Amino acid sequence: MVQPAVLLGLDLGASKVVSVIAVLETSGALQITGAAQANAEGGIRMGEINDMELTTRAINRAVEESMRAAGQTKLDGLRVSVDGIQFKGENLRDSITISSMDKIITVADRDRVLEQAANGCKLAKEETVLHRIPQMFHIKGQRDIRNPVNMVGESLEAEVRIIVAPGPVLGNINRALQLSGLQGADLLYSPMASAEAVLTREDSENGAVVVDIGDELTHLGVFLRGALFHSAVIPIGGRHFTRDLEITKHLGGISVAERIKRVYGTALPSQVPPEEHIELEEEGRQVSRRELAEVLHARAVELLNMVLAEIGRSGLIHEIHGGVHLVGGGALLPHLPILAQNILGRPRVVLGRVHGLQGLPQVLSNPLYTNALGVVKALARDLQETGPKRGGDGLRGFFKKLF
Ligand SMILES: Nc1ncnc2c1ncn2[C@@H]1O[C@H](COP(=O)(O)OP(=O)(O)OP(=O)(O)O)[C@@H](O)[C@H]1O
Ligand SMILES: [Mg+2]
């Protein structure tokens, strides 16, 4: 980079919109200089926009506030983390014959086999491909090649993961960005943004899982050899924990239950002395803190068993040497990593910690910003690898948006 670039990362979550501003220095350092969040007030549900005005208002608020905090007025690039209940992933593979005399594999060969493999997906009429992620290549007699360009082979096989979502869902996200004056944004599937934020290169090479416990949904990504091998969405998030408390213990409404969860909640009832009680001032009574923990524990066990089933479905449970990293607001429930460790067993479980960024410590350490930080970090990495105008030459060029 010849000049510092001002970058924006946006996370469109179910409960809020988060914006972070980063300056990519000429040295390659990425400084977080501004951040803000805005409540979408129900404008986004399960990753889908259901009120354009509320959504664009929240985007505008978050972006303007973060720009102001960073003291910036213009942007050189932006990327948006997206996910939702209808996002799906599938692993595909296909092979081609290398027809040239010298059998040297070219960039065009690599792109052709990736394209052909991805085309094997039977899309529903309204579905659009968001990403085609190259996982691994094989040639006859040599397997697990990261980049086959310039190698010699008679045939080339590619394994690729595609992420698809309904076209209208993505179209309306793009429309909201456009209405907010954010032209030219490209979209990144949120588990990839989480991974970028909290996994080291070695983690994702050696096998690692990110579990983003959001408000309504939990998203999960399983990474191996630096690529996404499995992803899933589970329809449980922090909101379900709060709702369970209110339904079973009648704490005085959802907002009271939410506050009690955040202040007194834990996923491990054994950590709470049985005699400890919490005063419900407005209700004029007390409630046992251990009983609250039992309710939260039951929901956490349900969620973590679903996470375990998804890791099992990936077929990679014995390959997760880089650990399971919990992110998102829901991961703030005390003792959740310990319970997760008990349930998931083999892989090490940790609270995801953002690395490789500089700047505002209170933003870098706040899990609510993890996705937005990851998305801006991914953008900076692409800019450094391929320059401001991303070409199709590098392997990463394949990650571009396709609509
Ligand atoms: N200290 C805490 N303890 C337990 N849960 C918490 C805590 N702080 C926040 N949460 C929960 O985190 C959830 C919000 O998480 P987050 O901000 O990551 O969601 P989101 O990104 O808006 O939603 P999604 O990822 O589903 O689109 C809320 O349900 C909230 O109850
Ligand atoms: Mg989120």
Answer residue from region 347-375, given it is touching a strand residue (DSSP E or B) at 6+ places or on another chain (Cβ under 6 Å) and over 19 Å from P191 (Cβ atoms) and is surrounded by the fewest Cβ atoms within 10 Å (Cβ to Cβ) among those: Q358
Tell me whether region 260-274 contains one or more residues that are farther than 26 Å from N39 by Cβ, in contact with a strand residue (DSSP E or B) (Cβ under 6 Å, 6 or more places away or on another chain) and touching a residue at least 24 places away in the same chain (Cβ under 8 Å). no
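For every residue, the table says whether it meets (1) surrounded by 23 or more Cβ atoms within 10 Å (Cβ to Cβ); (2) more than 30 Å from I133 (Cα to Cα); (3) within 16 Å of ligand 1 (Cβ to nearest atom).
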position: V18; (1), (2), (3): yes, no, yes
position: A22; (1), (2), (3): yes, no, no
position: Q31; (1), (2), (3): no, no, no
position: L54; (1), (2), (3): no, yes, yes
position: M67; (1), (2), (3): no, yes, no
position: K88; (1), (2), (3): no, no, no
Would you confirm, using the coordinates I've provided, whether V2 is hydrophobic (A, V, I, L, M, F, W, C) and either surrounded by fewer than 20 Cβ atoms within 10 Å (Cβ to Cβ) or more than 15 Å from L373 (Cα to Cα) (or both)? yes
Taking region 312-321 on its own, how many of its residues are buried (at least 18 other Cβ atoms within 10 Å of the Cβ) and not in a helix (DSSP H, G or I)? 2
State which residue is surrounded by the most Cβ atoms within 10 Å (Cβ to Cβ) when the search covers only region 322-346 and only residues that are over 26 Å from E294 (Cβ atoms) and of a type outside the set (K, R). H325
Quick check: is even one residue across region 262-270 over 24 Å from R381 (Cβ atoms), basic (K, R) and crowded, with 18+ Cβ neighbours inside 10 Å? no
Among the residues of region 297-305, are any within 15 Å of ligand 1 (Cβ to nearest atom), over 32 Å from the mean Cα position of the chain (by Cα) and surrounded by fewer than 22 Cβ atoms within 10 Å (Cβ to Cβ)? no
Per-region count, region 365-377, residues among the aliphatic types (A, V, I, L, M) and over 16 Å from the mean Cα position of the chain (by Cα): 0
When you check A309 against the structure, is it assigned to a helix (DSSP H, G or I), closer than 22 Å to G221 by Cα and within 16 Å of ligand 2 (Cβ to nearest atom), yes or no? no
Candidates D51, D76, D83, filtered to the one that is free of Cβ contacts under 8 Å to residues at least 24 places away in the same chain and either within 23 Å of D215 (Cβ to Cβ) or outside the structural domain of G237 (by TED's automatic domain parsing) (or both): D51
Sole residue being within 16 Å of ligand 1 (Cβ to nearest atom), among the aliphatic types (A, V, I, L, M) and farther than 20 Å from A300 by Cβ, chosen from L364, L326: L364
Residues in region 227-253 that are part of a helix (DSSP H, G or I) and near ligand 1 (Cβ under 10 Å from one of its atoms): how many? 6
Tell me the residue from L220, L251, L224, L199 that is within 16 Å of ligand 2 (Cβ to nearest atom) and either of a type outside the set (K, R) or out of contact with any Pro (no Cβ under 8 Å at 6 or more places or on another chain) (or both), please. L220
Can you go through S231, S155, S190, S194 and tell me which one is in contact (Cβ under 8 Å) with a residue 12 or more places away in the chain, outside the structural domain of V376 (by TED's automatic domain parsing) and within 16 Å of ligand 2 (Cβ to nearest atom)? S231
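The values are calculated or read from the model by the stated rules, or taken from the named source; none is laboratory data. Computed from a predicted model, the values in this text were never measured in an experiment. Backbone-built Cβ (ideal geometry, glycine too); neighbour counts: all protein chains shown.
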